[in-house]
Amino acid sequence: MRLNVFGRENLKLYFIMGSQDVDGRPEQALQVLKNALIDGITLFQWREKGVGSLQNQPEAYEQFACACLALCREHAVPFIVNDDVALALKLHADGVHIGQDDAHVAATRALIGNKILGVSAHSVEEVASAMAMGADYVGLGPIYPTVSKMDANAPTGLVWLKQARAAFPDVAMVAIGGINLERAPEVFAAGADGIAVISAICRHRDFVRDFYQLGV
Ligand code: 3NM
């Protein structure tokens, strides 16, 4: 039995960020994260990846991860690492998020023990296999077109989300891709336990507070 305290409510407002999402400026990114934590995000994923990221600067990469982790700890918000399982283990992160192309789900579960494990899924089969192999939640997307992931799949719209919820009433699901304040209510209505966002928070200082005003 795994002992982590992860629940579906952790997915409600899931912030994902790397320095590349804030003009490649780690200091500014830390300020964005700090504000988001104060305002009430429920989960954070550190995703330092792609053009403008610190991926090729190992020292700065790790230092930035540590700084984000420290902020999350201050606010008791779980800190999830995208893809880099070795770093997650080294930093004692709370969890890992992997895509279907990343390390195999079962192998990752074996490596991380009772940490939180999230997996991106794009079909009913992928959801079923991710959960069978030990995922705690699945990420479904992109629901809408996104400006934050160059190699994202074509947007699925809400149809896929509704289909996934109908097939798996009890699976923890977070929707991702192009979600903003206007779209959030319909995403929850379609069955998501939460929304995962990059640009909504990085580009709008008041997003988190405005989100809670929605009362979804
Ligand atoms: N993964 P924004 S879409 C990191 O479809 C990520 O799996 C996606 O950023 C997927 O909220 C995406 O700015 C980017 O659209 C989400």
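The values are calculated or read from the model by the stated rules, or taken from the named source; none is laboratory data. Given the structure is predicted, the values throughout are model-derived calculations rather than measurements. Methodologically, a virtual Cβ is constructed for each residue, glycine included, from the backbone with ideal geometry; neighbour enumeration extends over all protein chains shown. Protein only, heavy atoms only, side chains kept; ligands, DNA and RNA dropped before computing areas. Shrake-Rupley method; radii C 1.70, N 1.55, O 1.52, S 1.80 Å.
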Checklist line | Top-ranked residue in segment 133-147 [being more than 13 Å from the chain's Cα centre (by Cα) and at negative phi; ranked as surrounded by the fewest Cβ atoms within 10 Å (Cβ to Cβ)] | finding: Pro145
Margin query: Against the conditions (1) open to solvent by 50 Å² or more (accessible area, probe 1.4 Å); (2) farther than 15 Å from Ile16 by Cβ, where does Ala60 fall short? Just the number, please.
Written below: (1)
Note to self: Can you find, within segment 21-48, the residue that is farthest from Gly194 (Cα to Cα) among those that are open to solvent by 70 Å² or more (accessible area, probe 1.4 Å) and among the basic types (Lys, Arg)?
What the structure shows: Arg25
Margin query: Being small (Gly, Ala, Ser) and more than 8 Å from the ligand (Cβ to nearest atom): is that true of Ala154 here?
Written below: yes
Next item on the list: Test Glu9 against the stated conditions and say whether it is away from the ligand (no atom under 15 Å from the Cβ), among the charged types (D, E, K, R) and either in a helix (DSSP H, G or I) or touching a Leu at 6+ places or on another chain (Cβ under 8 Å) (or both).
Entry: yes
Check: Can you tell which of Ala93, Ala86 is surrounded by fewer than 14 Cβ atoms within 10 Å (Cβ to Cβ) and either at pLDDT below 95 or among the hydrophobic types (A, V, I, L, M, F, W, C) (or both)?
Finding: Ala86
Next item on the list: Consider only pairs whose beta carbons are under 8 Å apart and that are at least six residues apart or on different chains; among these, list those whose first residue lies in segment 200-216 and is among the acidic types (Asp, Glu) and whose second residue is surrounded by 13 or more Cβ atoms within 10 Å (Cβ to Cβ).
Entry: Asp210/Leu181; Asp210/His204
